[in-house]
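One structure is given below, encoded as structure tokens.
The values are calculated or read from the model by the stated rules, or taken from the named source; none is laboratory data. Just so you know, these numbers come straight off a predicted model, no measurement behind them. Backbone-built Cβ (ideal geometry, glycine too); neighbour counts: all protein chains shown. In case anyone asks, the SASA skips ligands and DNA or RNA and just uses the protein heavy atoms, side chains included. Shrake-Rupley method; radii C 1.70, N 1.55, O 1.52, S 1.80 Å.
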Amino acid sequence: MRQALEGSQALARAVALCRPQVVSAYPITPQTHIVENISKLVADGELKCEFVSVESEFSAASVALGAAMAGSRAYTASASQGILLMAEVLYNIAGSRVPMVLTCANRAVSAPLSIWNDQQDSMAVRDAGWIQLYCADNQEAIDTTIQAYRIAERCEVPVMVCVDGFTLTHTMESLELPEQAQVDGFLPPYKFSRTLDPARPLSSGALVSPDYFPEARHSHHRALEKAIEEIEAADNDWGEVSGRSYGGLLAVEGPEDAPIGVLTLGSVFGTLATAREDEDHNVRLIRLRSFRPFPFDRLREVCEGLEKLVVLERALSPGAGGIVGNEVRAALSEMDSPPAVYSYAVGLGGRDVPLSTLHQALERVQDRPAERFAVFDVELDKLPEEDR
Amino acid sequence: MNNETTKTVSIEELRRKQPRFQGITSGHRACLGCGEALAARLVTEAAGPDVMIANATGCLEIFTTPWPESSWRVPWMHSLFENAGAIAAGMESAMKAQGKTTKVLSFAGDGGTFDIGFQALSGMMERGHNVLYVCYDNEAYMNTGIQRSSSTPHAARTTTSPPGRERMGKRHLKKDIVSIVAAHHIPYAATTSVAYPVDLRRKVRRAMEIEGPTFIQIHSPCPLGWGHDGAETLDVARMAVECGLYPVIELERGKLTGLLPIREPRPVSDYLKVQQRFRHLFQDHHKAREELEHLQALADYNIETFQLSGHGADDQDTSGLNEARRGGVRSA
């Protein structure tokens, strides 16, 4: 049914459609509206679940882990400082290979304090062993949440659905909410292979010596690599159910013979796509939907023939530069003739990414050799001389 | 039936010999005389098989589950150091959501309870989860090699509160965790000691019957950390109770409702002098004498505050329970 919904409201409805049995969360801007809306659905009897309003994000993730281990479909959501406070639990959930879904309402990380959007939070936990899917708009956020449960439960790997804070979470859009029967048909009831059960007691979370540790890590890595098939399958199958799919691991727009590509993650894609159409740029837009697992093969395929690739990301690794930029550059280095990669951070801490960004980016790279890294929209005159 | 194999066995003997359910079985890697290993066995015996356990990081977790082995016979999970309360809350929520009655237990040491896991414990209790939280209190971070915790008694030596020219061991008091827990007005909070298995089992059974958060703190000597012979674990634990330094009490909804009376309180020095961690208090030095007096005053304070002094011989006081054997309490 098509409705006008705020992103967070739509996400809450999408989560409810997945019939989670235990939801635990701690409020943080800009995730707050998601859990508020879930609380209301529970209060109104529209969602039957145990809603645990915990005392910290650390406990939010831990309650979800305990619940999932004890055989219940679990959900949590957070952002920014909350994601970092959870970080230890996030590694533990993934290493224990316990399926669940977490919505990250992407926000900058302090200091300096900012409540606004960038993707530093989810990027900070990119090595925790979770699948990370980035959404371009709220319709995709709804559909990806539903797909995420199927992926998580089939792969026994948790999935983080990354949704740009405010830009998506607080924006009202006309959205298609799936029918319950569609979701039920797509997502079978939760059944975990290693559930804690007194009739079949097992121990989980043992001390692993060097004799076994590398094998555990290897199998975790392989599980994420193998998840590529499930991510593609979930998107395809959901496309058949709902009529909407998003390209699986990554989405591409624009002419195949364009000499320049621009790669991004999340909602910036929509801005770039509109600018490309409005201004008729000869550019190929690429959007990583799946950042973990990293789509090496698909990325090389869609970068075939490009002379230049601009990476625009809303995070950075101080002292190294672009997180996505460096990974993309490394992935493409195996091509016979890789494009020159220009790596930029853009829109940090909620700095607006206007329609003119695409034009500016194309101008900037026109007569310039590959740029290792720069903060694209930095205004150096605001800084003292010695910090520029 | 072959007559040679039949013999008459008294009911008492039979009760003593009956097999008990053990949630944790032998073969684990605990040190000789480990108080925590014994306490955990006693807890799981009393709790029975229809449980699941959230175990914090610590000795108990390490010595019971060296991959690929496990000494647990009940569903058990270890996640992290500071989240045993929250993991248990999640398990309990799952049981509720699934309409199951399996009781969730949470096991942690004093580090995981008094210190790093305190917030998760407090949150779990405040939200009223039906969880029995058991704190195995050995009064320091034993798993990392005997560092002070907020449970370490005043003046005790640990590797991070060593005595020296300027210091007489730990400078601060042992945190009164059971009062803090009871201040959450949960249905049941109690302390007990591994030296009094009858008391310990009774308290676990009591907590198991209660719907809501319950808490049991078990004094569990660590021979390695406290510096006593592994064969003396129970004697040392018993003296801690008998001198008044470790009051064994019960609190319901925040009110004191039960205690283990001490028939003949003994001086704290009896308890302290058998442990290396208090050895520095017995040197000829005014600071040592001061601290000994301080510890005696703390014990006296406990005895007075909780009215721990017994009133004549009783089956259920410290000396009475010392005579208790498996199969029931014998006359003292």
- Mind putting together the pair-distance distribution for the range A:1-119? All Cα pairs, 10 Å bins, whole percent per bin, short to long. 15, 46, 32, 8, 0
- Item | Principal axis dimensions, largest first and in whole angstrom, of chain B by Cα | 70, 51, 41
- Query: Which one of B:Lys100, B:Lys174, B:Lys255 has the biggest mean-square fluctuation once chain B is modelled by GNM with Cα springs under 10 Å?
  - Reply: B:Lys100
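Stokes-Einstein diffusion coefficient for the range A:220-348 at 37 °C in a medium of 0.692 mPa s, Rh from the Kirkwood formula over Cα pairs: what value in µm²/s?
Calculated translational D: 214 µm²/s.
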- Rounded to the nearest 5, the percent of antiparallel DSSP beta bridges in chain A equals 25
- For A:150-159, A:275-284, ranked highest to lowest by mean beta-carbon neighbours within 10 Å, the order is A:150-159, A:275-284
- Task: Mind grabbing the accessible area of A:Leu202 for me, 1.4 Å probe, Å², rounded to tens?
- Result: 40
- Computed over the range B:61-159, the Cα gyration tensor eigenvalues, each multiplied by 5 and square-rooted, give semi-axes in Å (largest first) of 27, 18, 9
- Message: As an exercise, identify the GluC sites (Glu not before Pro) in the range A:161-204 lying in DSSP coil whose Cβ has no more than 15 other Cβ atoms within 10 Å.
- Response: A:Glu179
- Relative contact order (%) - chain A, alpha-carbon pairs under 8 angstrom, separation at least six: 16
- Task: Any chance you could list P(r) for the range A:2-242, counting all Cα-Cα pairs in 5 angstrom bins from zero, rounded to whole %?
- Result: 1, 7, 15, 19, 21, 17, 11, 5, 2, 1, 0, 0
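Given a 1.4 Å probe and heavy atoms of the protein chains only, how would you sort B:Phe215, A:Phe58, largest accessible area at the top?
Most to least solvent-accessible, the answer reads A:Phe58, B:Phe215.
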- Beta bridge orientation in chain B: antiparallel %, DSSP, nearest 5: 25
- Message: Quick query: amide H of A:Glu313 versus all other amide H atoms, modeled in the peptide plane; which residues come in under 5 Å with a sequence gap of 5 or more or a different chain?
- Response: A:Tyr344, A:Ala345, A:Val346
- Message: If you take each beta carbon of peptide B:62-73 and count the beta carbons of other chains within 10 angstrom, what is the mean?
- Response: 4
- Note on the structure: Each residue of B:47-54 has, on average, a number of other protein chain C-beta atoms within 10 Å of its C-beta equal to 3
- Item | Shielding by partners - mean other protein chain Cβ count within 10 Å, residues of A:190-202 | 4
- Message: Sorting check: for B:234-242, B:160-168, which peptide has the highest mean count of neighbouring beta carbons within 10 Å, and how do the rest follow?
- Response: B:234-242, B:160-168
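Tell me the per residue accessible area of the range B:1-50 using a 1.4 Å probe; a whole number in Å² is fine. List each step's numbers first, then the result.
Values: 3400 Å² over 50 residues.
Result: 68 Å² per residue.
Could you compute the net charge surrounding B:Gly312? Neighbours are other residues with a C-beta less than 14 Å from the C-beta of B:Gly312; K and R count +1, D and E count -1.
The answer is -3.
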- Of the DSSP H helices in chain A, those whose Cα atoms cover at least 20 Å axially and whose Kyte score averages 0.5 or more: A:80-95
- Task: Whole number in Å², please: accessible area per residue of chain A, 1.4 Å probe, ligands, DNA and RNA not counted.
- Result: 39
- Please build a GNM for chain A, connecting alpha carbons under 10 Å apart, and tell me which residue among A:Ser203, A:Ser356, A:Ser80 fluctuates the most. A:Ser203
- Which value, in Å² rounded to 10, gives the accessible area of A:Thr32 with a 1.4 Å probe and all protein chains present? 30
- Item | Dimensionless Rg over Rh [the protein assembly as shown; C-alpha; Kirkwood] | 1.07
- Given the options A:Pro188, A:Pro339, A:Pro318, state which has the largest fluctuation in a GNM of chain A using a 10 Å cut-off (strictly under) for Cα springs. A:Pro318
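Considering only protein heavy atoms and a probe of 1.4 Å, how much of the accessible area of the range A:2-242 is carbon and sulfur, as a whole percent? Before the final figure, lay out each step's value.
Working: 4470 of 8510 Å².
Taking all protein chains in place, the range A:2-242 shows 53 percent carbon and sulfur surface.
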- What percent antiparallel are the DSSP beta bridges of the protein assembly as shown, to the nearest 5? 25
